[in-house]
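Only one structure is covered here, and it is reproduced in the block below.
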């Protein structure tokens, strides 16, 4: 659904500033197509005992009576304080709800490393300051295996150098869109960036009003 | 191929390669709207239409009240769909409507009018599901770039425009523009001839089943080929509606005479003095014959059967004559997902999907709730009765659809068959406003998502076309619409 209530305040708010280096425990959740309705269900009463910190992945995390599912990775003692998620393909596929990003962040997740991300989840992560890093499947799987084999040990994600430092595995290079990296490091909001182009926008609109005048004209002339 | 890995390097490479070939429709529309290029694959784009559902007038009002100026109010329109009840009582018992956003439409009506913002609240004769209303009113036009909050905004691409959902309403209101990363170009050619009772919905479900729920990742998908050319505008909307279910950045169909004829009768079509210019422009929008696509798929739809989902992702789909798949036979990477899906949907591997009993039948949503869809449903249910104990709803996509259906007497056919005939809105597609599938119940639904809990707590969703849902409602179980309509024992 549209998530206007999640949109940033129209006035004055800066974009999320992301630390250039995140050191934390990485929890592997190597499922494909984990959808927004699983990350953040709508239209149902919250599971009893659920907190702001445990609201993400509700159906994976809890039985409906509020008991924890012991096999869910973030319920395991060594991974409860994870700040990095290692996920599969098409993570966050589905709806535009911003809570699919904010709920994991409320639970302490700062970085998501996956094969690919749902398009709206990815856009929301950029707006909200969650770092979404794509990796090839083979490298990703090695990282996930490492994390399982080394429960409780931390890895480092360095946004400036664009590497993931893993003890015993060396540095894994990654790439994210340069603008996104800069935006995170500088704490810019999309609005900040857009407003820097007000002159170009005005000129462009003048041109468009001439080229495609019908687009701008309302209301209609006939019923 | 590498489409799934296409962050960072690949799109840039692809863009460079593409300069040697003809342009795709997506690239043309992108370049027409590009205000500034920010490096990498990011640009600032001019937005032709911003659609804000539900709280739209309040959002606009709050922004103006905070001292901001709405840059292009005449390019903004709002409609109430997610937050309204579809109960016929919603006009008299207003508390049925979630969040009471209708109040914003009433309170701010004069202000929206003064600003030039089209605002279709619950009481407005245009009201409906945003992805039905946009094309229906003609606010959505070929060649446009439009954004909205909702993920199914890709539906509008059926008109030959580029459209997507996301959280950018505030920025568009203030600057008239949006920041966006450019997608790769993908084409899905649908070839062959469709058999009776096989619909656009079946072709797109089959496409997602064949290519995967992630197959459009980072791609703008153009649906093409003889099957798509033969589709009505409404059917094209059903295809583009599910572009997001293949994780695409957007879905599109090139505009053609079918599109232009449809546009010609829309209320908000280009004004008469601009019509010829607009039409000439629209004709330049389709991809060039030698356009280079980063990924090009051809799917033969000859012999395609009606499709039914068995799991919890739209890619978990089989032909209606098929059997529930066995996770043991799944590709290794999907085995666990299949097992978990079947645990949730409570189906046994090897069982035919036909005969699966259902508790609820839902016909509606931005996927298939237009007049053409409802006419077919009426054909299926006319003179028949919904099975005992099945709750069956028809939710028209918009008030114009509802009025047209009533003018044709379709509502009587539905009601006589035992369907609830509801008011327009999103309803049970995503389970809000109390429009929920009851806990743990099994639903035949022509919506677009069969996710865990999507339609209600522990609700099990089988996605299928509207006529297939209608036949399931009558028989109380999943059946093959073709055999049902042939009068066979099903």
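Observations
- Sequence of B:139, A:143 once ranked by neighbouring C-beta atoms within 10 Å, starting from the fewest: A:143, B:139
- Chain A: angle of helix A:137-149 to the longest principal axis, Cα-based, in degrees nearest 10: 40
- In the range B:426-490, the C-alpha radius of gyration followed by the widest Cα-Cα span (Dmax) gives 12.6, 39 angstrom.
- Restricted to Cα atoms, the range B:249-397 shows a radius of gyration and a Dmax of 21.6, 63 angstrom.
- A simple spin-label model places the labels of residue A:210 and residue B:298 4.5 nm from each other, with each point 7 Å out along Cα-to-Cβ.
- Based on Cα contacts under 8 Å between residues 6+ apart, chain B shows a relative contact order of 16 percent.
- Max mean-square fluctuation residue, GNM over chain A, Cα-Cα springs under 10 Å, options A:105, A:30, A:169: A:169
- Here residue B:106 and residue A:51 are evaluated by their C-beta separation; at R0 = 41 Å the FRET efficiency comes out at 0.65.
- In plain terms, if you count all Cα to Cα distances in chain B and split them into 20 Å steps from zero, the share in each step is 24, 57, 18, 0 percent.
- Per-residue ellipticity at 222 nm, computed for chain B from helices alone with -39500 (n - 2.57) per DSSP H run of at least four residues, works out to -9000 deg cm²/dmol.
- With Cα atoms, 0 to 90° folded angle of helix A:198-211 axis to chain A main axis: 60
- Helix A:119-128 axis, angle to chain A major axis (alpha carbon atoms, nearest 10°): 90
- For the protein assembly as shown, the Cα gyration tensor yields ellipsoid semi-axes of 35, 33, 25 Å (square root of five times each eigenvalue, largest first, whole Å).
- Rounded, prolate or oblate (a/c below 1.5 giving rounded, otherwise prolate when a/b exceeds b/c) for the range B:82-136 by Cα gyration tensor: oblate
- Panel values: the range A:16-176, Kirkwood radius from alpha carbon pairs, Stokes-Einstein at 25 °C and 0.890 mPa s, translational diffusion coefficient 157 µm²/s.
- Rel. contact order, % - alpha carbon contacts under 8 angstrom, at least six apart, chain A: 25
- Shown is the FRET efficiency for residue B:66 and residue B:389, computed with R0 = 60 Å from the Cβ-Cβ distance and rounded to the nearest 0.05: 0.70.
- Virtual spin-label span in nm between residue B:343 and residue A:153, 7 Å along Cα→Cβ: 2.9
- Proportion of all alpha-carbon pairs of the range B:49-140 beyond 17 Å (%): 45
- Sequence-distant contacts, meaning Cα pairs under 8 Å at least 6 residues apart, place the relative contact order of the range B:205-266 at 42 percent.
- Sorted ascending by nearby beta carbons within 10 Å, beginning with the fewest, B:281, B:223, B:37 become B:37, B:281, B:223.
- Label-zone membership for the range B:155-194, site residue B:264, 7 angstrom Cα→C-beta point, backbone N under 16 Å: none
- Over the range B:307-485 - Rg/Rh using Cα atoms and the Kirkwood inverse-distance radius: 0.98
- Modelled spin labels at residue A:145 and residue A:75, positioned 7 Å past Cα toward Cβ, are 2.7 nm from each other.
Taken together, the values in this text are just the output of simple stated rules run on the coordinates, not laboratory data. Source: prediction; values computed, not measured. Because the Cβ atoms are built from the backbone with ideal geometry, glycine has one as well, and the counts that use them run over all protein chains shown.
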